[in-house]
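Report on the structure given below.
We did not get these values from a lab; they are worked out from the coordinates using the rules stated. None of these values were measured; they are calculated from a predicted model. All Cβ positions, glycine included, derive from the backbone under ideal geometry; neighbour counts span all protein chains shown.
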Amino acid sequence: MTPTRTGVVHRLAALPQGAEIPRRYAAVAPGARPHLGLGPKAPLDGFRRIAPRHPVFRILRADGCAPEGHGSAQG
């Protein structure tokens, strides 16, 4: 998909802190592991401990919707 000027990001929406997003990030982004200090198979409690230091945001268009194809990080 070619980026266009429509759908330019105008705001960020903070997501509730949880361990699932940093854990998934560690699983799909090997370069992030040194910054998180945990590997993808670390116990969930470890991710709960670091989650407050790693805020998570959803990027929204001006109309409040997530950009097409970017509604969730599933895999």
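Which net charge results for the neighbourhood of A27, defined as the other residues with beta-carbon distances under 14 angstrom from its beta-carbon, given Lys and Arg at +1 and Asp and Glu at -1?
Spelling it out: positives minus negatives among the neighbours equals +3.
Around G39, what is the net charge, scoring Lys/Arg as +1 and Asp/Glu as -1 over all other residues with Cβ under 11 Å from its Cβ?
Around G39, the charge tally is +3.
With label points built 7 Å along Cα→Cβ from the Cα atoms of K41 and I59, find their separation and express it in nm.
It is 3.3 nm.
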